[in-house]
Every structure is written in structure tokens, then in C-alpha cells.
Amino acid sequence: MKKILSIIAVALLLNNIGLSIAGEILSPPNPPTLSSPPNGSNAPGTVVQFRWNPSPGANNYWLQVSLNSNFTQLVFDKAIGNYIGVNLSGFPDNGTKYWWRVKAGNVEGWSSWSSVWNFTNGPSSPPDPSTLISPPNGSNAPGTVVQFRWNPSPRANNYWLQVSLNSNFTQLVFD
């Protein structure tokens, strides 16, 4: 029993200093290869599925998702364990562009980052029309400056305002 424990202790010691029993040197894994969402694709909806191919020797993966290509505006930045994918929720489904990358890790450290891919998040359908707030319909807006206000519409990331002298919008004063 004492001999078996000694062999296990030596194996653990060798593994901790970067050697295996077979004498091969352990090192951080290679970066994973990204799979989904495909580069340049549209990933509509509020949940986006991220997938990559496994890196031999890896037992942990780190995912970053950013609002810019230099990853200074991170929306997700976390080690996720020994999984080759994760579903992330909370995306706005409004046409926002994101960049993502993954690195692989093991007891010897982390790989460099994978290649960087980007995707656009939706929209999965056109946004609903906005609800006008002011000025109220049929009201008199005196003066030379009129403030137009409306409620935001889910999935909208820009708005187009038209002002007309008639109800069929054939005499536009602002487009």
C-alpha cells in the first residue's frame, strides 16, 4: 500500500511541474476553433448559442463577447468550465453587432485567444410601431420649436420621423 501511495505522489508531483509519467511535457492547449454563430452571421433572438470545437488537453474555456472588436466593451467575460458551448440570454434582438472569442485552459495555463468572429443580433422581426407621446394628436403647438416624443419600441435601434401638412403625408415638412 505504501508503494502505491509513493507512486501516486510521484505522479502528482511530476504532473504539477509540467511532466507526465510518460515524460511528455504538458503545456497550455491550443486555441479552440469557433463554430457558431458563424462569422458575419445574423443571430436573432434574445438567447444566442455560442459553440466551438474542443481543444485537445483543455478542461476549461473562457468566452468573451464584446460590443467592439478590440474587446474594451465586454458584455460577457467568464470562464465557463469544460463545455464547448454556452447559451447566453439577455441580447436585445435589435440589430446590435457583437464580437466574440474563446480561449482554452488546463492546469498549465491558458491558450492564446481564438480568432475573432462577429455577428449581428437580429432583429428577428421588424419592431412594433412606436406610441406617440407629444405633441398630442390635433393639438396646437405654438412657437418655432416643437418637441416630438414617443415611447421606445422593443427591438428598435433607430427611428424615422415624418411631419406632414396633411394626413396622407403627401406634403412633408420633415422627413
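The values are calculated or read from the model by the stated rules, or taken from the named source; none is laboratory data. None of the values given here were measured: they were computed from a predicted structure. Please note: Cβ atoms are built from the backbone with ideal geometry, for glycine as well, and neighbour counts cover all protein chains shown.
Under the condition of being touching a residue at least 40 places away in the same chain (Cβ under 8 Å) and outside any strand (DSSP E or B), which residue from the stretch 55-70 is farthest from PRO28 (Cα to Cα)?
Ranking the qualifying residues of the stretch 55-70, first place goes to SER69.
Hey, can you tell me all the residues within the stretch 34-54 that are more than 16 Å from ASN118 (Cβ to Cβ) and in a loop (DSSP other than H, G, I, E, B)?
Listed by number, the residues that qualify are GLY45, THR46, ASN53, PRO54.
Just for the stretch 109-123: of the residues that are surrounded by 14 or more Cβ atoms within 10 Å (Cβ to Cβ) and part of a loop (DSSP other than H, G, I, E, B), which one is modelled with the lowest pLDDT?
That would be PRO123.
Which is of a type in the set (Lys, Arg) and surrounded by fewer than 19 Cβ atoms within 10 Å (Cβ to Cβ), of LYS97, LYS103?
LYS97
Report yes if some residue within the stretch 80-92 is touching a Lys or Arg at 6+ places or on another chain (Cβ under 8 Å), surrounded by 14 or more Cβ atoms within 10 Å (Cβ to Cβ) and farther than 30 Å from TRP150 by Cα; otherwise report no.
yes
Identify, by number, the condition in (1) polar (S, T, N, Q); (2) in a loop (DSSP other than H, G, I, E, B); (3) free of Cβ contacts under 8 Å to residues at least 60 places away in the same chain that ASN87 doesn't meet.
(2)
From the residues in the stretch 81-106 that are of a type in the set (Val, Ile, Thr) and either at pLDDT below 95 or within 14 Å of the chain's Cα centre (by Cα) (or both), which one is nearest to SER55 (Cα to Cα)?
Only one residue fits best here, namely VAL102.
Return the residues of the stretch 124-175 that are in a strand (DSSP E or B), under 34 Å from the mean Cα position of the chain (by Cα) and not hydrophobic (A, V, I, L, M, F, W, C); say none if nothing qualifies.
Answer for the stretch 124-175, where residues must be in a strand (DSSP E or B), under 34 Å from the mean Cα position of the chain (by Cα) and not hydrophobic (A, V, I, L, M, F, W, C): just ARG149.
Does any residue in the stretch 24-42 that is within 14 Å of TYR61 (Cβ to Cβ) and modelled with pLDDT of 95 or more come within less than 6 Å, Cβ to Cβ, of a residue that is exposed (fewer than 15 other Cβ atoms within 10 Å of the Cβ) and of a type in the set (Ser, Thr, Tyr) six or more places away or on a different chain, and which pairs are these?
Going by the 6 Å Cβ cut-off, the qualifying pairs are PRO31/SER112.
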